[in-house]
Amino acid sequence: MGMQNSLRVERAIKNITQAELAELIGVSRQTINTIESNKYVPSTVLALKIARVFEKPVEQIFLLEDGD
Amino acid sequence: MKPQFLFPTWCRWLGLALFLVHLPVILIFKSYDLHSDPNDAGMFSVSHVFFVVTIVLMVSGLFLIAFSRERIEDEQIYQLRLSSLRWAIFANYAILIVCLVFTNSKADYKDLLRLNLWVPLVFFIVLFSYKMFRLNRSLSKEDGYAK
């Protein structure tokens, strides 16, 4: 998959669990988990919602992998 | 995400109940051998009513199981639903084409219709449940690491 993310790190900084983040943006905990393990690429809307929770631009959380 | 049209979550159990109810009805039908009467061909004949009752119970049951809402619906689950549906349609048409090729004109097309009624729904339910199971298992693995 051509994308990586720093969701786990950002969550650790903000000190919230997967379940709490999931509830904040209205998705299942499974979705947060699969995003963190790079198994699922979120839609733009979801990425923007996540970025809003962490108060950072999307590019700081989601990055294209080299060579893409 | 825009809300999709799906039945409420409890409809899954209603669907399961309807599906389970149709099994004894079929057994009664088969054990009394009701459709062997050749004079019994009207719209409200015993065999036709039984056929309709079993088919309606089965299809509406499967339909409710297939299209009831998960506890939390999000875009990933929507994607899983869509890909399961695609494979179910592929499987259905593959089976349908094979059946059409390997049956001659004397075949009872009611059987083909019956097959066509449940194959897409059953394939969809099995695939989607398997995908949901794998998704949930990835979560319990994660919990295992965290401990």
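Read-outs throughout are calculated quantities, based only on the coordinates presented, and are distinct from any laboratory measurement. All of these numbers come straight from a predicted model, not from anything done at the bench. In this analysis, Cβ positions are derived from the backbone assuming ideal geometry, glycine residues included, and neighbour counts consider all displayed protein chains.
Computed values, structure above
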{"read-out": "Exercise: per-residue mean of other protein chain Cβ atoms within 10 Å, A:30-37", "value": "5"}
{"read-out": "Cα-based shape type of chain B, given that a ≥ b ≥ c are square roots of the gyration tensor eigenvalues and the cut on a/c is 1.5", "value": "prolate"}
{"read-out": "Ranked list, fewest to most other Cβ atoms within 10 Å of each Cβ, for B:Phe124, B:Phe90", "value": "B:Phe90, B:Phe124"}
{"read-out": "Charge dipole magnitude, Cβ of K and R +1, D and E -1 - chain A, Cα centre, debye nearest 20", "value": "260 debye"}
{"read-out": "Region B:74-147: C-alpha gyration tensor shape, a/c 1.5 cut-off, then a/b vs b/c", "value": "prolate"}
{"read-out": "Residue (of B:Gln76, B:Tyr32, B:His22) at the positive-pole extreme of chain B, dipole from beta-carbon charges", "value": "B:Gln76"}
{"read-out": "Taking chain B and dividing mean pair separation by its residue count, relative contact order in percent (alpha carbons under 8 Å, at least six apart)", "value": "29 percent"}
{"read-out": "Whether region A:3-64 is rounded, prolate or oblate, judged on the alpha carbon gyration tensor where a/c under 1.5 counts as rounded", "value": "rounded"}
{"read-out": "Dipole magnitude of chain B, debye to nearest 20 (Cβ charges: Lys/Arg +1, Asp/Glu -1, about Cα centre)", "value": "520 debye"}
{"read-out": "Two-site FRET efficiency, B:Val53 against B:Leu113, from Cβ-Cβ distance with R₀ of 25 Å, rounded to 0.05", "value": "0.95"}
{"read-out": "Chain A: most fluctuating residue of A:Ile50, A:Ile16, A:Ile35 per GNM, C-alpha cutoff 10 Å", "value": "A:Ile16"}
{"read-out": "Signed unit charges on C-beta, dipole axis of the protein assembly as shown, positive-most listed residue A:Ile35, B:Val101, A:Met3", "value": "A:Ile35"}
{"read-out": "Exceeding the 26 Å Cα-Cα cut-off - candidates B:Lys30/B:Lys110; A:Lys39/B:Lys141; B:Lys30/B:Lys131", "value": "B:Lys30/B:Lys131"}
{"read-out": "Residue with peak Gaussian network fluctuation, chain B [Cα springs, cutoff 10 Å], from B:Phe51, B:Phe19, B:Phe102", "value": "B:Phe102"}
